[in-house]
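The values are calculated or read from the model by the stated rules, or taken from the named source; none is laboratory data. What you are looking at is a predicted structure, and each value in this text was computed from that prediction instead of being measured. Every residue, glycine as well, gets a Cβ built from its backbone with ideal geometry; the counts of neighbours run over all protein chains shown. Note: areas computed on protein heavy atoms with side chains; ligands, DNA, RNA excluded. Shrake-Rupley method; radii C 1.70, N 1.55, O 1.52, S 1.80 Å.
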Amino acid sequence: MSKQGIVLGLTEEELTAVRLSLRVALWATAASLPLGVLVALVLARGRFWGKSVLNGIVHLPLILPPVVTGYVLLLLFGRKGPVGAFLAEQFDIVFAFRWTGAALACAVMGFPLMVRAMRLSIEAVDQRLEQAAGTLGANPVWVFLTVTLPLSIPGIIAGMVLSFAKAMGEFGATITFVSNIPGETQTLPSAIYTFTQVPGGDAGAMRLTLISVVVSMGALLLSELMARQAERKLAAA
């Protein structure tokens, strides 16, 4: 029988699922942030052939069944997949049936939400400010770092929070790619699913559901506060 946790009466297995979910969500958000900003900038400011195709690929996880996304990840990043086999042989990096794979799946599923929020924020920046900085001799990279990026901070924060919240609730792609292994890949949604499949598991499912709601709502409130503070600083600058 599992030992009782000291927080909210959670069992040790439940606490492990909560900690793992937070770990996976944080890593998924942090790892996808640089690429998310880059892709958002390209979609917002880029003018090139194939832009619509890139936009479609980025948003594909939103419309595909999550199980399909997880299966594609398994084909690509599994031990026998082209990418997974290469990473395992050359760098000893394994994603399939590991918590790192759960982070990868969550990053992929949350990436469209992150990019969309950031893209809208970048598009809202007055391009005349960027052009003015360019006429003063600043190169495009410096213009982005000193003008576009600071003005896009509220959208970047919103994108990060959306990605984090999506990662906390991701189930289909994760369980398809890395299964439901207690202590390794069993995140909050997987643990809730497990509780609903066993007699007398309603109490555990309810506890974890409440934890999910509190964490997600807390993240949204924190992002709103941070975004407002960023807007005030920009207005005062």
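Here are the numbers for the structure shown:
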| item | result |
| --- | --- |
| Degrees separating the helix 66-77 axis from the principal Cα axis of the chain, which is the longest one | 80 |
| Estimated FRET transfer efficiency when R0 is 25 angstrom, pair Thr196-Val68 (beta carbons, to 0.05) | 0.60 |
| Computed log₁₀ I(q)/I(0) - Debye formula, equal Cα scatterers, no solvent, the range 91-145, q 0.22, 0.30 Å⁻¹ | -0.83, -1.08 |
| Pair Arg45, Val213: separation of 7 Å Cα→Cβ label points (nm) | 4.3 |
| Distance between modelled label sites at Leu60 and Asp126, nm, 7 Å Cα→Cβ extension | 4.0 |
| Ranked packing of 52-60, 110-118, 207-215, 183-191, most packed first, by mean Cβ within 10 Å | 110-118, 183-191, 207-215, 52-60 |
| Under-5 Å amide H pairs with Thr11, H placed in peptide plane, nonlocal only | Gly5 |
| Euclidean distance of C-alpha centroids, the range 6-38 and the range 211-229, integer Å | 15 |
| Accessible-area composition of the chain, carbon plus sulfur, in percent [1.4 Å probe] | 69 |
| Residue-normalised accessible area of the chain, expressed per residue, 1.4 Å probe, Å² | 56 |
| Calculated FRET efficiency for the pair Leu149/Arg98, C-beta based, R₀ 25 Å, to 0.05 | 0.15 |
| The range 1-85: chymotrypsin sites (Phe, Trp or Tyr not before Pro) in DSSP loop, at most 16 other beta carbons within 10 Å | Phe48, Trp49 |
| C-alpha long axis of helix 99-123 to longest principal axis of the chain, angle in ° | 30 |
| Under the Karplus curve 6.51 cos²θ - 1.76 cosθ + 1.60, θ = phi - 60°, whole-Hz ³J(HN,Hα) for the range 209-224, x wherever Gly or Pro sits | 5, 5, 4, 4, 5, 5, 5, 5, 5, x, 5, 5, 5, 5, 5, 4 |
| Those trypsin sites (Lys or Arg not before Pro) in the range 65-109 that DSSP places in a loop and that have at most 14 other beta carbons within 10 Å | Arg79, Lys80 |
| Rounded tilt (10° steps) of 12-45 against the dominant C-alpha axis of the chain | 20 |
